[in-house]
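> Sharing a structure below in structure tokens format, with a few things to ask.
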Amino acid sequence: MSVTTPDSLPNERPVKLKLGRDDLMMRGFILVIALYLIITLAFPLYAMLSKAFSTFQFDLSQIEFQVSDESGKFDGTILSAAALNEQLNAIPEDEMATSSDGRLSLTPLFPDFSFRSPVLYKIRGTTEDVVYLIGSDRVSGTDWREVDSNTFRRIVLRPVQSFGLSNFTTYFSTPSLFRSIENSLFISIVSTIVTVSLAFAFAYALSRSCMRLKGVFRLIAMAPILVPSLLPGIALVYLFGIQGMLKEGMMGESIYGPYGIVLGSIFFTFPHAFIIITTALAISDARLYEAAVSLRASPWKTFWTVTIPGARYGLISAAFVVFNLVITDFGLPKVIGGQYNMLAVDIYKQVIGQQNFEMGAVVSVVLLMPAFIAFAVDRQVQKKQVALLSARSVVFEPNPDRKFDRICFTYCSLVAIFIVGILGVCQFAALIKFWPYDLSLSLKNYNFDVMDGGGWEAYGNSIKLGLLTAFFGTIVVFIGAYMVDKTRSFRAGRGLFQFLAMLPMAIPGMVLGLAYIFFFNDPNNPLNAIYGTMAILVIVTITHFYTVSHLTAVTALKQMDGEFESVASSLKQPFYKLFTRVTVPVCMPAILDIAIYLFVNAMTTVSAVVFLYSTDTALASIAVLNMDDAGDVAPAAAMGMMIFYTNAAARIIHLAVSKGILKRTQAWRLR
Amino acid sequence: MLQLKKLALTAIAGLFVANSVAAAELTVYTAVEAEDLKRYAEEFNKAHPDIKINWVRDSTGIITAKLLAEKNNPQADVIWGLAATSLLLMKSEGMLEPYAPKGVENLDKKFIDKSTPPTWTGMDAWVASVCFNTVEAEKLGLKAPKTWKDLTKPEYKGHVIMPNPNSSGTGFLDVSSWLQMFGEEGGWQYMDALHENIARYTHSGSKPCKLAAAGEIPIGVSFAFRGAKSKADGAPLEIIVPEEGVGWDMEATAIVAGTDNLDAAKTLVDWSITKEANEMYNTGYAVVAYPGVAKPVKFFPDNLLEKMIDNDFEFAANNRKAILEEWQKRYDSKSEAKS
């Protein structure tokens, strides 16, 4: 028996066992799920990256002319467009780089050109694949075409595709696009600081005071997770818009822009920060506080020397999660951003507004950077986290303190009012007939079928997507986590898998969605058939939310001793028997958590699916976006609230089911 | 056993019968309003019950992006009801099948593609207008603007909203019409002045009118169809057709090159330009391609037809990229238009 110390936990079992059938099967499983992640994550990202480097350029050497005299006679001299441009420098080099939709007029090559002149022109390409337009007619090939002057001015050259960095040069030299980086960073940093501070104070009040209604506060703090991120934007318009209920509160400033984005971001990221910080505060050791008291440290000093250092990893984690959520979110700035450009909205504008897929890919690459950095730093910090809670720790129990409790209660009430208020405003707006002119109540806004966005069918689709994602996602994630955790040796495979499983956290949904278009809509891709179906939505949602689900599963599995496997193999039981009879029942609470996490997120996600849904698979969250976009703000609020109620109901069912299952499968936990 | 066989046979026979009713299925891409689609398919099936339409509907920008993304592997058979400027993009990519539908000579020339044979035919026009909220305007003491130039007056500062041409087809048709009416230089000068008054630019073309209807911003540059609908919903709107003239685009129809169902596609396109079809378009749109069909539509301004400019679609399509770049350079880089 070797003695294990916390510093040198063995990575592998001391005795190397011979590979049995079980091991091979488990490795097979790992490879299958890794392959799944490669196809649904690595390949699409690669397709997107290569799109970002796919450039379009006008190639003048492809075009040749003949010019006639005034009487329309040609003397047979052939002029190359490239040579002409070299002489005249009519079209500067930097105008040669363009997008897939570029068109270049050729008249600047002829300084004395006039569309009234009787001069005739002949034009041809030097290779078969040259494309130019006469008006809007597409012409290609090497045959001479004769046109009069008036038609000649309607000729434009189309670009050829090549590979290079010119998309990036264009991007960084377009001030409006470049500015988005600044804006995105600014908003994300401000939102992060404010949200983390607020969430910390909230979590602190809940764990360190003896105020009443803690359960209610906890429930309310979690509510924003149940709605799409753009819903607070809609509520803020009703509250602080020009016809808003509290418009005076803005003191002349416009809610459309940074104020709105930051306020909305605080709302939708609050629960994420709250969960992480609560966990961090929960593991504090009462002995440290006792020591502080006996050393006569002031409460203020205790706070800075005991509380904050103990929670610092949680705070850093929370900060990165919030930062990532804000910088990659697209729904909120689209609804309330006004003219304030953000990276995620730029991708949408480039792709949907201008059909410039290449530039969309470039912005995606830019957006990947901060998200990736944040992710990498966070991973490093996580590694440093050491166990604060040792076996000898004493759980901190707060003592009643009337003044402190009252302050905490007031603060939590204010936050709760903010959260409930936002949701309440949306529900109220949804029931008003025609704000602000006709305040009578009506259900008219629930008549989704006559609006853009897919109607009630979209709502049904969303539930379907949620259920399918929860079902298949949980199976894939849990089996993957099990194999990674319990397979013996096979480090390379496990390492690769672990990396792939962590990657989705760093990929903004927009980027993933765009990558899916490039990859799955390629006619040469055998998986092309799933493009435009429910299947692709399920796959993209599972991939998008893979990391957190995976971590939940791994955490639960880590609690199970490896001895189970040893016992099973010494009893000559195959691993799948152990898996179904022991592992799954023991981990049931975690499995249910993964399922509900996937369901709720599938209901609210916008960013990953906005490029991928089709008419038959319109979704409720997208309908909120589209209805707001079309100006049907009240119906958008109504649909947003439907998502909220559905998710709340799902949570309640989840609670009830968990309780029932816990009773049956977790009885062993009680002595 | 024998009975089972019989049952199977009847079932198979049943399948054949069912199949022969819908001899062809067409995948039709469209940007027509959701509420009109069912009606369009029903009317078409009255004449041709053997062709089933599978709609793929989305807003103009998204459908255009989708079609271009599927360029090398088209999923659509027919495009029925998409902006002509978008169809011109597809045409320049060689994505459309040239076809002169039966009876195309009956249509107003403005509504037919200039190539022979044409690659697309128009259905109805979709005309720019200004939505003006009379209640809010009175509160603010604003007079109704009569011309585009009026909108640049200082009194309207922060009270005008328009769609961003980079994301909205309506926004682009406004910009391209100003450039055509006021000339290149005059057009940009006008937009410089207008920009001072714009509260913000929206992503969609109908939102300015909806916002005007809701009183959020009293003046919304949008299109007439949307204004008429909001007015019918009870919004205190006046729909203003600026005197200089208004830009417009049309909803148009085309066959996607490479379709497996060319005959059925032709049947659909033939029907789409008939008088009956145009009468059907007229329920929502005041201006349709078939001369003499249009009856006035409730709440539509009367002088709309005469104010429509002679829109040069080719100019708009071939200069689209340059115009949008210039626009973005001038107005999009300002972080926030201060109101």
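Values quoted throughout were computed directly from the atomic coordinates according to the rules given, and no laboratory measurement underlies them. The structure displayed is predicted, hence computed values, not measured ones. Cβ atoms come from the backbone with ideal geometry, glycine included; neighbour counts cover every protein chain shown.
> State the extension gain, in nm to one decimal, for the chain segment bounded by residue A:492 and residue A:201, taking 0.36 nm per residue of separation less the distance between their alpha-carbons.
Here the segment from residue A:492 to residue A:201 would lengthen by 100.4 nm.
> Compute the distance from the alpha-carbon center of region A:44-76 to that of region B:37-107, in whole Å.
Value for the Cα centre distance between the two parts: 30 Å.
> Next up: In whole Å, largest first, what are the principal axis extents of the Cα atoms in region A:247-377?
Principal extents (Cα only, largest first): 67, 42, 18 Å.
> Shifting gears a bit: Take residue A:561 and residue A:70, extend 7 Å from each Cα along the Cα→Cβ direction, and tell me the distance between the two endpoints in nm.
Label-label distance for residue A:561 and residue A:70, simple model: 10.6 nm.
> From Cα pairs below 8 angstrom and at least 6 apart in sequence, can you work out the relative contact order of chain A, rounded to a whole percent?
It rounds to 17 percent for chain A.
> Calculate one ³J(HN,Hα) per residue across region A:482-487 by plugging θ = phi - 60° into the Karplus curve 6.51 cos²θ - 1.76 cosθ + 1.60, and present them in order as whole Hz with x for glycine and proline.
Coupling constants for region A:482-487: 4, 5, 5, 7, 9, 5 Hz.
> Tell me, what is the percent relative contact order of region A:416-566, built from C-alpha pairs under 8 Å that lie six or more residues apart?
Relative contact order comes out at 24 percent.
> Net charge near residue B:258: determine it from the other residues with C-beta under 15 Å of the C-beta of residue B:258, scoring Lys and Arg +1 and Asp and Glu -1.
With Lys, Arg at +1 and Asp, Glu at -1, the net is -2.
> In nm, to one decimal, how far is the residue A:77 label point from the residue A:213 one, both placed 7 Å along Cα→Cβ?
9.0
> Largest first, please: the extent of the C-alpha atoms of region A:177-442 along each principal axis, to the nearest Å.
For region A:177-442, the Cα extents along the three principal axes come out at 65, 48, 29 Å.
> Helix-only mean residue ellipticity at 222 nm, chain A, DSSP H runs n ≥ 4 weighted -39,500 (n - 2.57), per residue, nearest 500. What is it?
-18500 deg cm²/dmol
> Oh, and also: As an exercise, take the mean of 1/r over every pair of distinct alpha carbons in region A:383-482, invert it, and state the Kirkwood radius in angstroms.
It works out to 19.9 Å.
> Which net charge results when you count Lys and Arg as +1 and Asp and Glu as -1 among the other residues whose beta-carbon is under 15 Å from that of residue B:23?
-3
> Taking 0.36 nm per residue of sequence separation and subtracting the Cα-Cα distance, how much length would be gained by fully extending the chain between residue A:282 and residue A:655, in nm to one decimal?
Stretched fully, the residue A:282-residue A:655 segment lengthens by 132.1 nm.
> In chain A, with Lys and Arg counted as +1 and Asp and Glu as -1 at Cβ, which of these residues, A:382, A:631, A:646, has the Cα nearest the positive end of the dipole, that is, farthest along it?
Comparing the listed Cα positions along the dipole, A:382 ranks first.
> Additional query: Using the number of other C-beta atoms within 10 angstrom as an exposure proxy, rank A:93, B:216, A:182 with the fewest first.
Placing the least packed residue first, the sequence is A:93, A:182, B:216.
> OK, next. Between residue B:116 and residue B:279, what is 0.36 nm times their sequence separation minus the Cα-Cα distance? Round to one decimal in nm.
The residue B:116-residue B:279 span can extend by a further 56.1 nm.
> Counting only C-alpha contacts under 8 Å and six or more residues apart, can you give the relative contact order of chain B as a whole percent?
Once divided by the residue count of chain B, the mean separation gives 24 percent.
> Counting pairs of Cα atoms in chain B, how many percent are more than 38 Å apart?
Tail of the P(r) past 38 Å holds 21 percent of the pairs.
> As a test of understanding, state the convex hull volume per residue of region A:55-163 from its alpha carbons, in Å³.
93
> Shifting gears a bit: Along the charge dipole of the protein assembly as shown, pointing to its positive end and built from +1/-1 on Cβ of Lys, Arg, Asp and Glu, which listed residue (A:226, A:102, B:239) has its Cα farthest out?
After comparing all options, I get A:226.
> Taking region A:523-638 as the region of interest, what is the percent of Cα-Cα pairs per 5 angstrom bin, listed from the shortest bin to the one with the maximum distance?
Going from the shortest bin to the longest, the percentages are 2, 10, 15, 14, 12, 12, 10, 9, 7, 5, 2, 1, 1, 0.
> Can you tell which of B:170, B:195, B:141 lies farthest toward the positive end of the dipole of region B:47-196, using +1 and -1 charges on the Cβ of basic and acidic side chains (Lys, Arg; Asp, Glu)?
Going by the Cα projections, it comes out as B:141.
> What's the exposure ranking of B:181, B:280, going from fewest to most Cβ atoms within 10 Å?
Result, fewest neighbours first: B:181, B:280.
> Let me know the charge dipole size of chain A about its Cα centre in debye, to the nearest 20, where only the beta-carbon of Lys, Arg (+1) and Asp, Glu (-1) is charged.
4000
> Let me ask something else about it. Each label point is 7 Å from the Cα along the Cα-to-Cβ direction; what then is the distance between the points at residue B:106 and residue B:157, in nm?
A separation of 5.6 nm, rounded to one decimal place.
> Write down the Kirkwood hydrodynamic radius of the protein assembly as shown, to one decimal in angstroms, obtained as one divided by the mean of 1/r over all alpha carbon pairs.
This gives a value of 31.5 Å.
> Let's see if you can work this out: charge +1 on each Lys and Arg Cβ, -1 on each Asp and Glu Cβ, no other charges. What is the dipole magnitude of region A:177-442 about its Cα centre, in debye to the nearest 20?
The dipole magnitude comes to about 820 debye.
> Moving to a separate point now. Measuring from centroid to centroid over Cα atoms, what is the spacing of region A:446-502 and region B:155-182 in Å?
Here the answer is 43 Å between Cα centres.
> Here is a further query. I'd like the FRET efficiency for residue A:456 and residue A:499, computed as 1/(1 + (r/R0)^6) with the beta carbon distance as r and R0 of 41 Å, rounded to 0.05.
0.45
> So, with +1 on the Cβ of K and R and -1 on the Cβ of D and E, and no other charges, what is the size of the charge dipole of region A:55-163 about its Cα centre, to the nearest 20 debye?
Result for region A:55-163 is approximately 340 debye, rounded to the nearest 20.
> Within a Cβ distance under 13 Å of residue B:100, other residues only, what is the Lys/Arg minus Asp/Glu net charge?
Charge balance in the 13 Å sphere: -1.
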